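The values are calculated or read from the model by the stated rules, or taken from the named source; none is laboratory data. Treat the numbers as computed from the prediction; the structure is a model and nothing was measured. Cβ: placed from backbone, ideal geometry, glycine included. Neighbour counts: every protein chain shown.
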Amino acid sequence: MLFCNIDLLDEKFALQRGQYVGVKDGRIAYIGETEPQEDYGERYDGRHRLLLSGFYNVHSHAPMTLLRGYAENLPLQRWLNERVFPFEDQLSDEAAYYATQLAIAEMLASGTVSFTDMYFFLDGMTKAILESKIKCNLSRGLTVFDDSDYEQTAAYRDNLRLLGEWNGAGDGRLIGDLCIHGEYTSTPKVVEAVAAQAKASGARMHIHLSETQTEHEECKQRHGMTPAAYMQAHGVFDVPTTAAHCVWLEGEDFEILRSHGVTVACCPASNLKLASGYANIPKLLDMGINVALGTDGAASNNNLNILQDLYLFGVVYKGYYRNSTLITPVQALYAATRAGALAQGREDSGLLRVGCRADLCVIDTDTPQFTPMTDAACNVVYAAQGADVKLTMVDGEVLYRDGAYTTIDIERVKAETQRCTDDIIRRLQRGERQHD
């Protein structure tokens, strides 16, 4: 494809007017003011359009679209124990397949090209991910509340497949990570075993960390150290790690994350909705810690529109710390793009640069909220809506365009997801259990 006469945000998020961008063999092959001589195939009319790197959602639980609107107005522990965990006990690979497709459709429609996910039912999830052709770093959620050895768990068996047959599938779109759900849902020996497996296999790690004050303080009571210090002590941070939330970090926690190159997945919408609190994003950024954006799951957001979290990321911390200079639009856009790509280990992604992967999105600027466009970066952060995204491309292939999907039967997916949720709720009301 050749994007013709299109405005773009370059790798420094500066506006460049009337550019030509050529995509070939899955990569950005040309950027310039003049039309290239080479034939790039389809010509895309870029008038009243803005081209930029696609977005990276680095913390989600895709199948939880099934729970959208189901678990509401509860603090996190009651939210989990009274609503989420009983619902999840009823899930199947079929339900996870359709729910993941629905999540991917929602992400593609708002410009997301890749996501980092932690969940269960990997047969259903991997099928949905590979069919859609989106990119994903997938990890199998791990919770252990007894004295079981890691090798005795279903997660261990799934992880062998995740790091084997599924890792690198879809021409590298799917990457297998390892997971510790959190300190409060695991045991020290299991944490150490998973950390050792990650180090031996070269896998990345995905965890929840200091999401709530209760989680944070109870960890200190149990182990005499914060969750960050606990994860460091048990070897988790010996491999590249994405730590979600990090709302209640204190003291040396910040230096622990910085020294180990941990990425913080900031989820402002979920943290606000569950009343978890406010992460100290200004301090994290000042210390050079990689901060990326996540939506969390649809049960706690309740949507997967990364532009909503981009907006909140850009404004919430100004208000909380009463400093309007905090979190510039460039910092926000970097968190939503390049920082996420680096968190996933995708070094050649997340930038609008020749040679990088053609993971791109196009935003309609011929709208009231984009007029006037005195600062395009500010408009994207503070004014853009998910519906403004008109095209999403992954590895040079258009997956979403003008409301239509090229790899997803959206009407079937919506109907099947609704059916699965209705069935689960009926079973819960009757006190029945799922039998796969």
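Within this structure, THR406 fails the test of being more than 23 Å from the chain's Cα centre (by Cα), hydroxyl-bearing (Ser, Thr, Tyr), surrounded by fewer than 18 Cβ atoms within 10 Å (Cβ to Cβ) and modelled with pLDDT of 95 or more. In the set GLY202, GLY176, which member is in the same structural domain as CYS246 (by TED's automatic domain parsing) and within 22 Å of THR112 (Cα to Cα)? Sole residue among the options that is in the same structural domain as CYS246 (by TED's automatic domain parsing) and within 22 Å of THR112 (Cα to Cα): GLY176.
Scanning segment 376-400 for residues that are surrounded by 16 or more Cβ atoms within 10 Å (Cβ to Cβ) and in a strand (DSSP E or B) yields VAL389, LYS390, LEU391, THR392, MET393, VAL394, VAL398, LEU399, TYR400. ARG338 passes every criterion in (1) out of contact with any Gly (no Cβ under 8 Å at 6 or more places or on another chain); (2) at pLDDT 95 or above apart from (1). The set of residues in segment 204-229 that are of a type in the set (Ser, Thr, Tyr) and over 19 Å from GLU255 (Cα atoms) comprises THR212, THR214. Flag: ALA265 matches the condition of being crowded, with 24+ Cβ neighbours inside 10 Å and either within 27 Å of TYR382 (Cβ to Cβ) or in contact with a strand residue (DSSP E or B) (Cβ under 6 Å, 6 or more places away or on another chain) (or both).
Here is the figure for segment 363-375: residues that are loosely packed, with under 15 Cβ neighbours inside 10 Å and assigned to a helix (DSSP H, G or I) total 2. Residues that are over 20 Å from the mean Cα position of the chain (by Cα), assigned to a helix (DSSP H, G or I) and either buried (at least 22 other Cβ atoms within 10 Å of the Cβ) or not assigned by TED's automatic domain parsing to the domain that holds ASP117 (or both) within segment 89-101 comprise just one, ALA95. Taken over segment 385-422, residues that are in the same structural domain as ASP366 (by TED's automatic domain parsing) and of a type in the set (Lys, Arg) amount to 2.
Looking across segment 372-425, the residues that are farther than 22 Å from THR337 by Cα and small (Gly, Ala, Ser) come down to GLY403, ALA404, ALA415. Against the test of being under 30 Å from THR374 (Cα atoms) and either crowded, with 16+ Cβ neighbours inside 10 Å or modelled with pLDDT of 95 or more (or both), the options SER60, SER110 yield a single qualifying residue, SER110.
Each row is one residue, and each column tells you yes or no for (1) among the small types (Gly, Ala, Ser); (2) touching a helix residue (DSSP H, G or I) at 6+ places or on another chain (Cβ under 7 Å); (3) crowded, with 22+ Cβ neighbours inside 10 Å.
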| residue | (1), (2), (3) |
| --- | --- |
| ASP171 | no, no, no |
| VAL194 | no, yes, yes |
| ALA200 | yes, no, no |
| MET205 | no, yes, yes |
| HIS208 | no, no, yes |
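Every condition in (1) touching a Gly at 6+ places or on another chain (Cβ under 9 Å); (2) hydroxyl-bearing (Ser, Thr, Tyr); (3) farther than 12 Å from HIS208 by Cα holds for TYR278 except the one numbered (1).
Evaluate the following for GLN16: is it assigned by TED's automatic domain parsing to the domain that holds ARG401, closer than 16 Å to LEU360 by Cα and without any contact (Cβ under 8 Å) to a residue 60 or more places away in the chain? Answer is yes for this residue.
Inspect all residues belonging to segment 55-66 and state whether any of them is farther than 25 Å from VAL264 by Cα and in the same structural domain as LEU130 (by TED's automatic domain parsing). Yes: one or more hits.
Pairs please, first residue from segment 239-263 and in the same structural domain as VAL194 (by TED's automatic domain parsing) and more than 22 Å from ARG346 (Cβ to Cβ), second anywhere and of a type in the set (Lys, Arg) and surrounded by fewer than 22 Cβ atoms within 10 Å (Cβ to Cβ), Cβ atoms under 9 Å, 6+ apart in sequence or on different chains. Pairs found: LEU249/LYS283; PHE254/LYS283. Looking only at segment 5-34, which residues are assigned to a strand (DSSP E or B), within 20 Å of PHE370 (Cα to Cα) and either modelled with pLDDT under 95 or not β-branched (Val, Ile, Thr) (or both)? Listed by number, the residues that qualify are ASN5, ASP7, LEU8, LEU9, LEU15, GLN16, ARG17, GLY18, GLN19. When each of THR185, THR212, THR143, THR153 is tested for being over 25 Å from the mean Cα position of the chain (by Cα) and within 28 Å of ARG78 (Cβ to Cβ), the lone residue that passes is THR153. Checked against (1) free of Cβ contacts under 8 Å to residues at least 24 places away in the same chain; (2) within 19 Å of the chain's Cα centre (by Cα), ILE175 passes all but condition (1).
The set of residues from segment 367-387 being touching a strand residue (DSSP E or B) at 6+ places or on another chain (Cβ under 8 Å) and over 15 Å from GLN16 (Cα atoms) comprises PHE370, ALA384.
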